[in-house]
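Asks: Mind looking over this structure? Questions follow.
The values are calculated or read from the model by the stated rules, or taken from the named source; none is laboratory data. The shown structure was predicted, so the numbers you read here are calculated from the model rather than taken from an experiment. As a convention, Cβ positions derive from the backbone with ideal geometry for all residues, glycine included, and neighbour counts pool all protein chains shown.
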């Protein structure tokens, strides 16, 4: 059967329409796929892996009464708790949450299997001399001083507790010669690692901790982790006064808050670079500097206990004009500024704000807005206030006593 010209033209047009539909379908499919991919990427949790160094039979550095593994774990858990409280879009993963042993490679494997966006390894320093003190933060690199190399060798020495470490660690045996491998290591995350390490040291400085700066050394756990990574040395357990500070609840909370604030700053900048809608300023927590007399109780071989600091009757630390709406629960407020001079209620700094209260502390008049026992409500207040007062942050009171925000949240959850 032969087809005439009209029929051929008809079938040609039909084929053209079918082809055009297929092309349009492919374009639509690709467009929808790209849209869903972008939406998924925006909703993807930011993953931070927090590594408490050492554990179980690996005690790490040992002081006159304290053990590194206990200090590391206490600070790591406190940092993670603060992040979980303030960043619902962040997934916190711990390499350990109790006194167990995890290999160096195992810690890196946890980070890599969870597709970590940031890795924080927390340690405590030591020295043969009792004089050194202060905090320092390391990124991966070739140790340029003997001191840095010695720190890396001490932290890497845990691999010697494993039977087949030469195979697991690809010939690396913690000898001085084996560190040559880090001279040729190309760390593609070095810029982000240094950025975060610098933020940590800056926060230590703000909390009046002595900062020994950002350093480089060959830490296996950083080398094996495919993410921006740092290793924090909180202080020297070999220094008597620092050992007391590191082992106290006050000291551990200060250190954890500094690391958290560095994370909040890094995450804020990360979101801005990613095009994610962000507040004008990071979600910082005030660092409690009230280091009332730190006394360390005698401890057994595994547990560190700190008696509660003695309360004083001085009036300088008592907040003024604090109205507690619900005396059974802590009250959250947003602190907007501090001044040596008492400001008028009509001061330009208070324009457009709801009722402003103040309290006196350390010779300053500190001004606040908001008064609620709901942490969710005070976060909303902070969001609004931050539009004008960029450095505003949340504080908390239990009655007339100012307490850490994280403690206030715990009390609120327990009483409700």
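Asks: Considering each of 257, 225 in turn, give the residue that is out of contact with any helix residue (DSSP H, G or I) (no Cβ under 6 Å at 6 or more places or on another chain), assigned by TED's automatic domain parsing to the domain that holds residue 176 and surrounded by 23 or more Cβ atoms within 10 Å (Cβ to Cβ). Reasoning before the result, please.
Replies: Values: 225 fails: out of contact with any helix residue (DSSP H, G or I) (no Cβ under 6 Å at 6 or more places or on another chain).
Matching residue, one of 257, 225: 257.
Asks: Related question: Any residue at all in region 162-176 that's within 23 Å of the chain's Cα centre (by Cα), in the same structural domain as residue 94 (by TED's automatic domain parsing) and either more than 20 Å from residue 225 (Cα to Cα) or part of a helix (DSSP H, G or I) (or both)?
Replies: Of all residues in region 162-176, those within 23 Å of the chain's Cα centre (by Cα) come to none.
No, there is no match, as no residue in region 162-176 is within 23 Å of the chain's Cα centre (by Cα), in the same structural domain as residue 94 (by TED's automatic domain parsing) and either more than 20 Å from residue 225 (Cα to Cα) or part of a helix (DSSP H, G or I) (or both).
Asks: Further, regarding this structure: Here is a check on your reading of the model: is residue 128 buried (at least 17 other Cβ atoms within 10 Å of the Cβ) and touching a residue at least 12 places away in the same chain (Cβ under 8 Å)? Outline the logic, then answer.
Replies: Numbers: buried (at least 17 other Cβ atoms within 10 Å of the Cβ): no; touching a residue at least 12 places away in the same chain (Cβ under 8 Å): yes.
Answer is no for this residue.
Asks: How many residues does region 195-222 contain that are buried (at least 21 other Cβ atoms within 10 Å of the Cβ) and assigned to a loop (DSSP other than H, G, I, E, B)?
Replies: Adding up the residues that qualify gives 3.
Residue-by-condition table, conditions (1) under 16 Å from residue 286 (Cβ atoms); (2) exposed (fewer than 14 other Cβ atoms within 10 Å of the Cβ):
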site: 331; (1), (2): yes, no
site: 334; (1), (2): yes, no
site: 351; (1), (2): no, yes
site: 356; (1), (2): no, no
site: 362; (1), (2): yes, yes
site: 373; (1), (2): no, no
site: 376; (1), (2): no, yes
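Asks: Condition (residue is more than 13 Å from residue 152 (Cα to Cα), buried (at least 22 other Cβ atoms within 10 Å of the Cβ) and touching a strand residue (DSSP E or B) at 6+ places or on another chain (Cβ under 7 Å)) applied to region 174-191: is it met by at least one residue?
Replies: no
Asks: Given the residues 264, 197, 256, which is the only one that is under 14 Å from the mean Cα position of the chain (by Cα), in contact (Cβ under 8 Å) with a residue 40 or more places away in the chain and within 22 Å of residue 63 (Cα to Cα)?
Replies: Numbers: 264 fails: within 22 Å of residue 63 (Cα to Cα); 197 fails: within 22 Å of residue 63 (Cα to Cα).
Exactly one of 264, 197, 256 is under 14 Å from the mean Cα position of the chain (by Cα), in contact (Cβ under 8 Å) with a residue 40 or more places away in the chain and within 22 Å of residue 63 (Cα to Cα), namely 256.
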